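K.L.:
One structure coming up, written as structure tokens, with questions to follow.
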Amino acid sequence: MTLHIQWKKLLICLAVPLGVGGFSALLTRNNMDLFQTISKPPLSPPGWLFPVVWTVLYILMGVASYLVLISGKPNQTALTIYGVQLFFNFFWSIFFFNMQLYLFAFIWLVILWLLIFATSILFHQISRVSGYLMLPYLLWVTFAGYLNFSIYLLN
């Protein structure tokens, strides 16, 4: 089996989540110092780990969306839900870091988790690999939920 990579589509699919994440990080970067001063729960990772993990997750999302896009199967609903979850992903960090709305951010994150779960299922129905590529993201957002809710309780 020969794999023919459609480079333009792949690069666009990678650029979309990386762009969403990068722009969100740009908008929240001035509030990261404040984050270092708040009380955090056990198992809180060091600050340097977040951009590394998010970069990997955005790349996995991009590859997953690419596989769905080139599958030749109907994918409009899957890609629409994917876009909606990127919208929720973008605004979560603004609510959490910039506005310090920890409880609201947690509720927003629960909705994001549900959207990621739905995206994963829809992607899996189109391309099993793309569904599996979304699982690390789902697990990380589950962990982020623990951190977010704990920070709400502690602060």
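K.L.:
Could you tell me which of the residues Ala64, Ala25, Ala78 is farther than 20 Å from Leu139 by Cα, of a type in the set (Gly, Ala, Ser) and part of a helix (DSSP H, G or I)?
P.N.:
It is Ala25.
K.L.:
Starting from residues that are touching a residue at least 60 places away in the same chain (Cβ under 8 Å) and part of a helix (DSSP H, G or I), keep the ones in region 104-142 and report whichever is most open to solvent (accessible area, probe 1.4 Å).
P.N.:
Filtering region 104-142 for residues that are touching a residue at least 60 places away in the same chain (Cβ under 8 Å) and part of a helix (DSSP H, G or I), the one most open to solvent (accessible area, probe 1.4 Å) comes out as Val129.
Yes/no per residue for (1) out of contact with any Phe, Trp or Tyr (no Cβ under 7 Å at 6 or more places or on another chain); (2) at pLDDT below 95:
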site: Gln36; (1), (2): yes, yes
site: Pro51; (1), (2): yes, yes
site: Val56; (1), (2): yes, no
site: Ile59; (1), (2): yes, no
site: Gly62; (1), (2): yes, no
site: Val68; (1), (2): no, no
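K.L.:
Check region 49-70 and report whether any residue there is without any contact (Cβ under 8 Å) to a residue 24 or more places away in the chain, open to solvent by less than 70 Å² (accessible area, probe 1.4 Å) and out of contact with any helix residue (DSSP H, G or I) (no Cβ under 7 Å at 6 or more places or on another chain).
P.N.:
Yes, because at least one residue in region 49-70 is without any contact (Cβ under 8 Å) to a residue 24 or more places away in the chain, open to solvent by less than 70 Å² (accessible area, probe 1.4 Å) and out of contact with any helix residue (DSSP H, G or I) (no Cβ under 7 Å at 6 or more places or on another chain).
K.L.:
Mind checking which residues of region 73-85 are of a type outside the set (Ser, Thr, Tyr) and either surrounded by fewer than 21 Cβ atoms within 10 Å (Cβ to Cβ) or touching an Asp or Glu at 6+ places or on another chain (Cβ under 9 Å) (or both)?
P.N.:
Lys73, Pro74, Gln76, Leu79, Ile81, Gly83, Val84
K.L.:
Moving to a separate point now. Mind checking which pairs have a first residue in region 1-29 that is within 13 Å of Ser65 (Cβ to Cβ) and without any contact (Cβ under 8 Å) to a residue 60 or more places away in the chain and a second that is open to solvent by less than 70 Å² (accessible area, probe 1.4 Å) and in a helix (DSSP H, G or I), Cβ under 6 Å, 6 or more apart or different chains?
P.N.:
Leu10/Tyr66; Cys13/Gly62; Cys13/Ser65; Cys13/Tyr66; Leu14/Gly62; Leu18/Tyr58
The values are calculated or read from the model by the stated rules, or taken from the named source; none is laboratory data. From a predicted model like this one, the values you see are computed outputs, not experimental measurements. Ideal geometry is used to build each Cβ from the backbone, glycine not excepted, and the neighbour counts take in all protein chains shown. To get the accessible areas, we keep the full protein, side chains included, count just its heavy atoms, and leave off ligands, DNA and RNA. Shrake-Rupley method; radii C 1.70, N 1.55, O 1.52, S 1.80 Å.
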